[in-house]
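Report on the structure given below.
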Amino acid sequence: MSPIIPNGQVTWGLQLPVQSQSPSFVQPWESTAGTAELVSVAQAADRAGAFYIGVCDHVGVPRPADERMSAMWYDTIATLGWLGALTCRVRLLSHVYVLPYRHPLAAAKAFLTLDNLSDGRAILGAGAGHLESEFELLGVDFESRGQQLEESVAVIRAAFAEEYPTVGGPGAQVGIGMSPRPSARTLLGGASLPIWIGGSSKVAIRRAALLGDGWLPQGPPKMGLSNAISFIRSEREAAGLPAAFDLGMNFGSVFLGPADFDLELFARGPAVQGGAEEVAERINKFAAKGINQIQLRFLGKDAQQVCDQIEQFGAEVGPLLSCD
């Protein structure tokens, strides 16, 4: 277990638009967008120096949940793999992959392959899931999803670490071959393919602290961000785990400069607007607490304006981010 963000560095990333279109966050232009727009945003993030691009995960959204969530959720691995071939540097994050839906060795194989093909850019962002009707549809027990996640992480870590792990089910004691292996870049210095655990409840935060290399909050934690950070640190110390850990937060919607459209309408709520120094100052307040990866939503009237915002952020705000 080890973090992947260098000590003292503050990084930023984004969950990609288009590939998921929940009414709670979709922008108007996304409803008619497709392949070209998705690629343009991913490549803009790559050029701008984003640490990661993220893709969500739902197998299917049963009615009537689709009314509040939509039915548009691109497959996580297919999307990340495709975008990995069209980008060069940006990391490929599942935010978050619902592990109880899959056999852990199948999940491990998917991310091992993604990491190998993308030259070490995969991050497994894992979660327990939340949509009970989807669990029922897939024949997966909803109440035990947390335990299932914890058991899956143990198997996946073994598969990430060994080519022939002896875990995963009946007969696994003979060793099951898990290749391709992580890329040489991932394995450099004894590192492993990273696992960030998602969730904002107390139990999810504890799970991240004890099982993950990092934490992916999904909305503000009820205990408050500062308390959540302290909780993670105390849990890791009590368990004898290293203090180094990747801490994330959802900063929300941002727009640099004056906007010629209704920001709150496009953001589906409040948005941070201002110049580069002002936005950087607001982000750095969280970095001073120990946060080292910030997830942003970039607003625009269309995909091109979103791309312009991403590149402007990378050029003007990114260099100003600091934990000092």
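Would you mind finding the one in GLY169, GLY240, GLY224 that is among the small types (Gly, Ala, Ser), more than 18 Å from the chain's Cα centre (by Cα) and over 24 Å from ILE5 (Cα atoms)?
Working: GLY240 fails: over 24 Å from ILE5 (Cα atoms); GLY224 fails: over 24 Å from ILE5 (Cα atoms).
Checking each option against the conditions leaves just GLY169.
If I filter the range 105-117 down to residues being out of contact with any Ser or Thr (no Cβ under 6 Å at 6 or more places or on another chain) and surrounded by fewer than 23 Cβ atoms within 10 Å (Cβ to Cβ), which single residue comes out as farthest from GLN173 (Cα to Cα)?
In this case the residue turns out to be LEU117.
Suppose we keep only residues that are of a type in the set (Val, Ile, Thr) and out of contact with any Gly (no Cβ under 9 Å at 6 or more places or on another chain) within the range 146-172. Which one would you say is nearest to ALA204 (Cα to Cα)? Spell out how you get there, then give the answer.
Applying the first criterion (of a type in the set (Val, Ile, Thr)) to the range 146-172 yields 153, 155-156, 166-167.
Those still in the list that are out of contact with any Gly (no Cβ under 9 Å at 6 or more places or on another chain) too: 156, 167.
Values: ILE156: 18, VAL167: 24 Å.
Top of the filtered list is ILE156.
In the range 63-80, which residue that is over 17 Å from the mean Cα position of the chain (by Cα) and closer than 18 Å to ALA128 by Cβ is surrounded by the most Cβ atoms within 10 Å (Cβ to Cβ)?
Restricting to residues being over 17 Å from the mean Cα position of the chain (by Cα) and closer than 18 Å to ALA128 by Cβ, the top hit is MET69.
Go through the range 18-94 and tell me which helices (runs of 4 or more DSSP H), entirely inside it, have 1 or more residues that are closer than 26 Å to PRO6 by Cβ.
Where helices (runs of 4 or more DSSP H) fall fully within the range 18-94 and carry at least 1 residues being closer than 26 Å to PRO6 by Cβ, they are 35-48, 76-86.
Exactly one condition in (1) of a type outside the set (A, V, I, L, M, F, W, C); (2) at pLDDT 95 or above; (3) surrounded by 13 or more Cβ atoms within 10 Å (Cβ to Cβ) is false for GLU237; which is it?
GLU237 satisfies every listed condition except (3).
Working carefully through the options PRO3, PRO17, PRO23, find the one that is at pLDDT below 95 and crowded, with 20+ Cβ neighbours inside 10 Å. Walk me through it before giving the result.
Values: PRO17 fails: at pLDDT below 95; PRO23 fails: crowded, with 20+ Cβ neighbours inside 10 Å.
So the residue among PRO3, PRO17, PRO23 that is at pLDDT below 95 and crowded, with 20+ Cβ neighbours inside 10 Å is PRO3.
Give me the pairs: first residue in the range 202-229 and at pLDDT below 95, second residue surrounded by fewer than 23 Cβ atoms within 10 Å (Cβ to Cβ) and assigned to a helix (DSSP H, G or I), beta-carbon distance under 6 Å, and six or more apart or on different chains, which are they?
none
For the range 191-209, what are the residues that are out of contact with any helix residue (DSSP H, G or I) (no Cβ under 6 Å at 6 or more places or on another chain), surrounded by fewer than 18 Cβ atoms within 10 Å (Cβ to Cβ) and outside any helix (DSSP H, G or I)?
Residues satisfying the conditions are ALA191, SER201.
Pairs only if they're at least six apart or on different chains, beta carbon under 7 angstrom, first in the range 167-187 and within 15 Å of LEU114 (Cβ to Cβ), second of a type in the set (Asp, Glu) and assigned to a loop (DSSP other than H, G, I, E, B); list them, first residue then second.
MET178/GLU163; SER179/GLU163; ARG181/GLU163; SER183/ASP119; ARG185/ASP119
Looking for whichever is part of a helix (DSSP H, G or I), touching a residue at least 40 places away in the same chain (Cβ under 8 Å), in contact with a helix residue (DSSP H, G or I) (Cβ under 6 Å, 6 or more places away or on another chain) and buried (at least 22 other Cβ atoms within 10 Å of the Cβ) here; the options are LEU124, LEU149. Which one fits? Show your work before the answer.
Numbers: LEU124 fails: part of a helix (DSSP H, G or I).
Being part of a helix (DSSP H, G or I), touching a residue at least 40 places away in the same chain (Cβ under 8 Å), in contact with a helix residue (DSSP H, G or I) (Cβ under 6 Å, 6 or more places away or on another chain) and buried (at least 22 other Cβ atoms within 10 Å of the Cβ) holds for just one of LEU124, LEU149, which is LEU149.
Looking only at the range 210-246, count every residue that is part of a helix (DSSP H, G or I) and not aromatic (Phe, Trp, Tyr) and tell me the total.
15
Kindly list the number of the only condition in (1) under 23 Å from SER118 (Cβ atoms); (2) part of a loop (DSSP other than H, G, I, E, B); (3) out of contact with any Gly (no Cβ under 7 Å at 6 or more places or on another chain); (4) not small (Gly, Ala, Ser) that fails for GLU143.
(1)
To keep it simple, each residue is scored yes or no on (1) modelled with pLDDT under 95; (2) aliphatic (A, V, I, L, M); (3) in contact with a strand residue (DSSP E or B) (Cβ under 6 Å, 6 or more places away or on another chain); (4) exposed (fewer than 14 other Cβ atoms within 10 Å of the Cβ).
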{"residue": "GLY248", "(1), (2), (3), (4)": "no, no, yes, no"}
{"residue": "ASP262", "(1), (2), (3), (4)": "yes, no, no, yes"}
{"residue": "ALA287", "(1), (2), (3), (4)": "no, yes, no, no"}
{"residue": "GLN305", "(1), (2), (3), (4)": "no, no, no, no"}
{"residue": "GLY314", "(1), (2), (3), (4)": "no, no, no, no"}
{"residue": "LEU321", "(1), (2), (3), (4)": "no, yes, no, no"}
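Please indicate, with yes or no, whether at least one residue in the range 210-218 is small (Gly, Ala, Ser) and surrounded by 16 or more Cβ atoms within 10 Å (Cβ to Cβ).
Of all residues in the range 210-218, those small (Gly, Ala, Ser) come to 212, 214.
If we keep only those that are surrounded by 16 or more Cβ atoms within 10 Å (Cβ to Cβ) as well, we get 212, 214.
Checked the range 210-218: at least one residue is small (Gly, Ala, Ser) and surrounded by 16 or more Cβ atoms within 10 Å (Cβ to Cβ).
The values are calculated or read from the model by the stated rules, or taken from the named source; none is laboratory data. Small disclaimer: the values here were computed from a predicted structure and weren't measured. No Cβ is skipped: glycine too gets one built from the backbone with ideal geometry, and neighbour counts run over all protein chains shown.
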